[in-house]
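Here is the structure we will look at, set down as structure tokens.
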Amino acid sequence: MGYYDSNVKVLVERFPHLKDHLTDIDKAFEMDGEDIEGKHVIFLHAGQNIVQLDSLYDMEPVLDVWRKAMPQVPMYGKVFLFGFGNGCMARKLLQTLDDSNKVIVYEPDFTVLHYVMEHEDITDILLDSRFDLIVRSAITGSIAEQFDQRISYTDIETFQYYVYPNYNHVFTVEYLEYIHEFETACNAINSTQSVLGRYTEANFINTFANMNALLTSKSIEDLYHRIPKDIPAIIVASGPSLDKNVHLLEQARGKAFIIAVDSSLRTVLKTGIAPDLCVTIDAKKLSKHFSDDRANDVPMVCHLTSNREIIQNHRAAKFFINDLNHHVQHFFSRHTHLFPVVSTGGSVANNAFSIAQMLGFETIIMIGQDLAYTDNRTHSAASVRGERNVDASTLDHVMTEGIDGKPIAASNEFTLYRNWIQEQIVNYPNLTVVDATEGGAKIYGSKIMTFREAIDTYCGKTYDIASIIDQTDDFMSEQERAELVDYIHGIPAELEECLRKAKEGIRVYEQMQKLVISDKYQNARFKNEFEKTKMINTYLDKAPVMEYVKNEIQNDTNALLKTVYAEGKDERSELMASCRMGIDYLKIMETGIRTMIDKCTEAVKQVHL
């Protein structure tokens, strides 16, 4: 027990959220160890099996061979480990990787870590700023979200992952879960990057064009506190089966919180029913979805990046959620305002699902959520895409199980959207999800019933939801609105400071190059110059205003960062390669900042009280 207190002290300092999980011990496992030839060998007892988590002999030669066999870890590269074990693999990585690398350990069971903290000094690992730790029992939400927070698009082609010996045998289910969630996170990042690549310019224009609407928007946090939780939310998507039961929404009015996605509005309004809320997210969503003018009087949830034409024509209350704009988020964080980011599974219907969760509803009923080509159709007849009357049998598709157990055709995108909903059902066991679509693909974990049955079962109480929304507080006070306008108008000046930093960074990298060429890279001056580049890169990485620049230059930087593997076989050539990459990266950034200064100088002029 001599090491436990010091280990726990450092653990809690580095990872405060783990303080409440120090007693998460799995009774299905027993840990013990044996001192053999001066080392403590750990054994894990799982039922009738005894698994050794360490070697009986000196592990250093084995670790050396493993490390040398690893592919080159690039500058800023990340290494993931499934299992902490006794820490020897993490320690070896930290001893041999450079200062720009990260080691991210996923520990499936705190039992092992607890035992190791009692018998081994691991403070050196825990204190290393390059070390990150994810503990399964401490995760709230999905595991994929943990990876999403730690992986960027440029990491996907360069990261490496390894398994601590025997962990995949002891924690087989957890290991398969880990791999699945890792793949889910990577797929989501790739999908997001694809969308950003197509929408970068539209996102920028929409952000500043919609800023005045944000100034007069309503508080979604206040709406959360006002909305009754003893009624369900109904998500109205635009699948072909919506035509079967959309007329029944009239019976749910006031007895459920009706959220319609933008593509379903024409179908819903055609019946004479106005939903309580609509959701529009996409930067290039066709304005034709709002061609029925009554849609402009339906309260809306949107992003700053949502189609500006739709936002500007809309007359009703608007609730903004964050589209990962860290610059605007920084402003609201300083004012302790909730500007929430909701989980998305790739479609506006999935966004609507997340919004219902965020608003605290414990029951979500879905209609029009076919996620398949029901009757060889893609969408409801009155929707924009439905009126094209495309024969879905001519489209690329995969076969999946329908709600009736029979095969049904669906797109790959529909499959991704359905998988996301199924993961939400698993991750939030207290959430009741009812599939009342009456057609389409089977959503595992949901309760399948007709819409009429769902209304009879869950829609019992009645509220004046329109009045509740009308009474919702404004998102910002008058003073905060004025401060936000000043903050936005200050963007060009902040970018000028970032430009100065980028130019300084280029000069420092050039000095480092000269020191390497003259074989003076092992002296104190080179180390000082290296520390300067770290400070400059950290400044540029963390400056909220650089959000706009990063979006502008993402294609160039992604192409560059995919080539970050060291080019040489010795220290000198590797340092030269790193300096060249640093210069190239900052020159791309310098060009992007100059472009963005000009664009933002014009864009901010439209933001005013």
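Please pick out the residue among ILE425, ILE455 that is under 17 Å from ARG253 (Cβ atoms) and of a type in the set (A, V, I, L, M).
Testing whether each residue is under 17 Å from ARG253 (Cβ atoms) and of a type in the set (A, V, I, L, M) leaves just ILE455.
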Only one of these conditions is not met by ALA138: (1) among the small types (Gly, Ala, Ser); (2) within 29 Å of ASP64 (Cβ to Cβ); (3) modelled with pLDDT of 85 or more. Which number is it?
(2)
Mind checking which residues of the stretch 531-553 are among the aromatic types (Phe, Trp, Tyr) and buried (at least 19 other Cβ atoms within 10 Å of the Cβ)?
TYR548
I'd like to know if the stretch 356-378 contains one or more residues that are within 17 Å of the chain's Cα centre (by Cα) and among the aromatic types (Phe, Trp, Tyr).
no
On the basis of being open to solvent by 20 Å² or more (accessible area, probe 1.4 Å) and touching a helix residue (DSSP H, G or I) at 6+ places or on another chain (Cβ under 6 Å), does ASP292 make the cut?
yes
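Within the stretch 227-278, count every residue that is on the phi > 0 side of the Ramachandran plot and aromatic (Phe, Trp, Tyr). Step through it out loud before you land on a result.
As a first pass, look at the stretch 227-278 and keep what is on the phi > 0 side of the Ramachandran plot: 254, 272.
With aromatic (Phe, Trp, Tyr) added as a condition, the list becomes none.
Going through the stretch 227-278 one residue at a time, the tally reaches 0.
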Looking at the stretch 255-289 only, could you name the residues that are more than 24 Å from ILE321 (Cβ to Cβ) and open to solvent by 10 Å² or more (accessible area, probe 1.4 Å)?
LYS255, LYS270, THR271, GLY272
Cβ pairs under 7 Å, 6+ apart or interchain, first in the stretch 311-325 and open to solvent by less than 10 Å² (accessible area, probe 1.4 Å), second basic (Lys, Arg) and in a strand (DSSP E or B), ordered by first then second residue, are PHE319/LYS218
For SER333, all conditions in the list (1) among the small types (Gly, Ala, Ser); (2) closer than 19 Å to LYS218 by Cα; (3) crowded, with 22+ Cβ neighbours inside 10 Å hold save one; what is the number of the exception?
(3)
For the stretch 346-358, indicate whether the set of residues that are among the aromatic types (Phe, Trp, Tyr), part of a loop (DSSP other than H, G, I, E, B) and buried (at least 18 other Cβ atoms within 10 Å of the Cβ) is non-empty.
no
Test LYS218 against the stated conditions and say whether it is surrounded by fewer than 19 Cβ atoms within 10 Å (Cβ to Cβ) and modelled with pLDDT of 85 or more.
no
Check TYR224, TYR161 and return the single one that is open to solvent by 30 Å² or more (accessible area, probe 1.4 Å), in contact with a Leu (Cβ under 9 Å, 6 or more places away or on another chain), part of a strand (DSSP E or B) and at pLDDT 85 or above.
TYR161
Anything in the stretch 329-363 that is more than 28 Å from ILE421 (Cβ to Cβ), without any contact (Cβ under 8 Å) to a residue 60 or more places away in the chain and not polar (S, T, N, Q)? List them, or say none.
PHE332, ARG334
Taking the stretch 377-410 as the region of interest, how many residues are open to solvent by 70 Å² or more (accessible area, probe 1.4 Å) and at pLDDT 90 or above?
4
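Let's see how each residue does on (1) free of Cβ contacts under 8 Å to residues at least 24 places away in the same chain; (2) touching a Lys or Arg at 6+ places or on another chain (Cβ under 6 Å):
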residue: THR200; (1), (2): no, no
residue: ASN206; (1), (2): no, yes
residue: SER217; (1), (2): no, yes
residue: LEU223; (1), (2): no, no
residue: ALA233; (1), (2): no, no
residue: HIS247; (1), (2): no, no
residue: ARG253; (1), (2): yes, no
Output the number of residues of the stretch 170-186 satisfying the condition of being without any contact (Cβ under 8 Å) to a residue 12 or more places away in the chain and more than 15 Å from ILE104 (Cα to Cα).
5
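The values are calculated or read from the model by the stated rules, or taken from the named source; none is laboratory data. Values in this document were obtained by computation on a predicted structure and should not be read as measured data. With ideal geometry, Cβ positions are generated from the backbone for all residues, glycine too; neighbour counts draw on all protein chains shown. Protein only, heavy atoms only, side chains kept; ligands, DNA and RNA dropped before computing areas. Shrake-Rupley method; radii C 1.70, N 1.55, O 1.52, S 1.80 Å.
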